[in-house]
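The values are calculated or read from the model by the stated rules, or taken from the named source; none is laboratory data. Given the structure is predicted, the values throughout are model-derived calculations rather than measurements. Backbone-built Cβ (ideal geometry, glycine too); neighbour counts: all protein chains shown.
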């Protein structure tokens with residue numbers, strides 16, 4: 001069913017798929033090592049809500065990889081992230097135009113969902129080994145909500161972020177391989193990186209399981225917001241090829 005849907009979707013763009021499609025489901029645990037927010041960036045109160053609760057938090061994501069031919073491919077990624085933490089400040093916290101009382105718990109709901117469409121090109125391919133580069137268009141859906149009793153203030157933002165990409169796979173035995181990839185970008189307005197390192201075990205010709213780590217880092221510093229986060233993941237994924 002997934003293969004049929006992919007073929008129909010790509011046919012609207014005049015793309016003929018001649019090789020495999022891979023569906024990957026990843027899950028695991030996430031820890032926040034740094035999560036700073038200050039809104040507005042000039043007059044708001046800076047708060048690090050990783051300090052009271054670093055995790056772990058449940059994580060999952062889904063990916064579809066399509067080989068158009070031996071050199072060109074597409075990536076579709078859905079990567080949601082939701083974190084809830086409780087912080088108490090000794091002074092009044094000004095967040096997004098609302099003053100939250102000192103010495104009273106503030107619940108922070110942090111959401112950072114990512115929807116991506118990427119193009120890849122194989123610079124090197126030998127058997128199942130490859131090195132790819134590419135471009136990724138990312139839609140970022142972010143929201144940070146502060147809650148303290150009846151006081152609620154939420155700042156949400158939806159934006160487009162262009163990213164660079166690399167992907168590398170090396171098979172060191174018939175059934176075992178090393179895989180790493182990353183979407184990344186840096187600019188004066190902020191930076192973003194989503195990088196993974198995994199060891200993969202082939203279960204059959206059409207399925208594999210991997211374990212590894214993922215790092216997500218990024219932030220922005222502009223007239224509206226000042227944010228920065230660094231989150232690491234322990235992950236396991238299952239991949240099916242068609």
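Before moving on, here are some points about what is shown:
- Subset of the stretch 182-205 that is free of Cβ contacts under 8 Å to residues at least 24 places away in the same chain and in contact with a strand residue (DSSP E or B) (Cβ under 7 Å, 6 or more places away or on another chain) - its residue that is farthest from residue 60 (Cα to Cα): 203
- Of the listed requirements (1) crowded, with 20+ Cβ neighbours inside 10 Å; (2) outside any strand (DSSP E or B), residue 108 misses just one: (2).
- Selection from the stretch 17-40 of residues that are over 19 Å from the mean Cα position of the chain (by Cα) and closer than 22 Å to residue 216 by Cα: 38, 39
- Residue within the stretch 67-76 that is farther than 17 Å from residue 233 by Cα, in contact (Cβ under 8 Å) with a residue 40 or more places away in the chain and out of contact with any strand residue (DSSP E or B) (no Cβ under 9 Å at 6 or more places or on another chain) present: yes
- Single match in 163, 216, 203 (criterion: part of a strand (DSSP E or B) and either under 30 Å from residue 88 (Cβ atoms) or in contact with a helix residue (DSSP H, G or I) (Cβ under 6 Å, 6 or more places away or on another chain) (or both)): 216
- Residues of the stretch 77-92 satisfying the condition of being over 23 Å from the mean Cα position of the chain (by Cα), surrounded by 15 or more Cβ atoms within 10 Å (Cβ to Cβ) and assigned to a loop (DSSP other than H, G, I, E, B): 89
- With respect to being within 26 Å of residue 160 (Cα to Cα), crowded, with 17+ Cβ neighbours inside 10 Å and touching a strand residue (DSSP E or B) at 6+ places or on another chain (Cβ under 9 Å), residue 208 falls outside the description.
- Within the stretch 163-181, none of the residues are within 30 Å of residue 97 (Cα to Cα) and in contact with a strand residue (DSSP E or B) (Cβ under 8 Å, 6 or more places away or on another chain).
- Among the residues of the stretch 186-215, those identified as at pLDDT below 95 and within 20 Å of the chain's Cα centre (by Cα) are 186, 187, 189, 190, 191, 192.
This table checks each residue for (1) assigned to a strand (DSSP E or B); (2) out of contact with any helix residue (DSSP H, G or I) (no Cβ under 8 Å at 6 or more places or on another chain); (3) more than 26 Å from residue 161 (Cβ to Cβ); (4) free of Cβ contacts under 8 Å to residues at least 24 places away in the same chain.
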| position | (1), (2), (3), (4) |
| --- | --- |
| 42 | no, yes, no, no |
| 53 | no, yes, yes, no |
| 60 | yes, yes, no, no |
| 94 | yes, yes, yes, no |
| 112 | yes, yes, no, no |
| 120 | yes, yes, no, no |
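- Some residue of the stretch 65-72 being closer than 30 Å to residue 204 by Cβ and under 20 Å from the mean Cα position of the chain (by Cα): yes
- Qualifying residue in the stretch 136-155 (condition: out of contact with any strand residue (DSSP E or B) (no Cβ under 8 Å at 6 or more places or on another chain) and either in a strand (DSSP E or B) or over 20 Å from residue 26 (Cα atoms) (or both)): yes
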